[in-house]
């Protein structure tokens, strides 16, 4: 079981991969979950639009698409993250790129843990859970 980081058509972001992996596992444990195989695929807006169209029949850009392969208590999945949209969202939400990147990284994990954000009141629940997870983000992940 492993957490892996890949880049498609874009450079891998400068993140502390081992620290992020440990953080993801710690967050999953707070929901009673174990981490199976998780693949982060960092990409451009164009690639995430292609994935969105091909697999979800959605014709729009997004920051993350989570493909859930969870079985029982073990979360697993492929998480496509558009670094272009992360950058745009950071500016829109008055956050640093690093903060928004880690929020997006954990957002996908929260989906795998069963938290949704599409229904009434769910977005606020997701945001509260993101904030709780970000509160335990290891110091070495925070860019000064």
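Computed from the coordinates by the stated procedures, all read-outs in this text should not be read as laboratory data. Quick caveat: nothing in here was measured; it's all calculated off a predicted structure. FYI the Cβ positions are ideal-geometry reconstructions off the backbone, even for glycines, and counts take in every protein chain you see.
Here is the figure for the stretch 16-44: residues that are buried (at least 18 other Cβ atoms within 10 Å of the Cβ) and over 13 Å from the mean Cα position of the chain (by Cα) total 3.
Mind checking which residues of the stretch 78-114 are over 11 Å from the mean Cα position of the chain (by Cα), more than 21 Å from residue 55 (Cα to Cα) and either in contact (Cβ under 8 Å) with a residue 60 or more places away in the chain or surrounded by 23 or more Cβ atoms within 10 Å (Cβ to Cβ) (or both)? Answer for the stretch 78-114, where residues must be over 11 Å from the mean Cα position of the chain (by Cα), more than 21 Å from residue 55 (Cα to Cα) and either in contact (Cβ under 8 Å) with a residue 60 or more places away in the chain or surrounded by 23 or more Cβ atoms within 10 Å (Cβ to Cβ) (or both): just 113.
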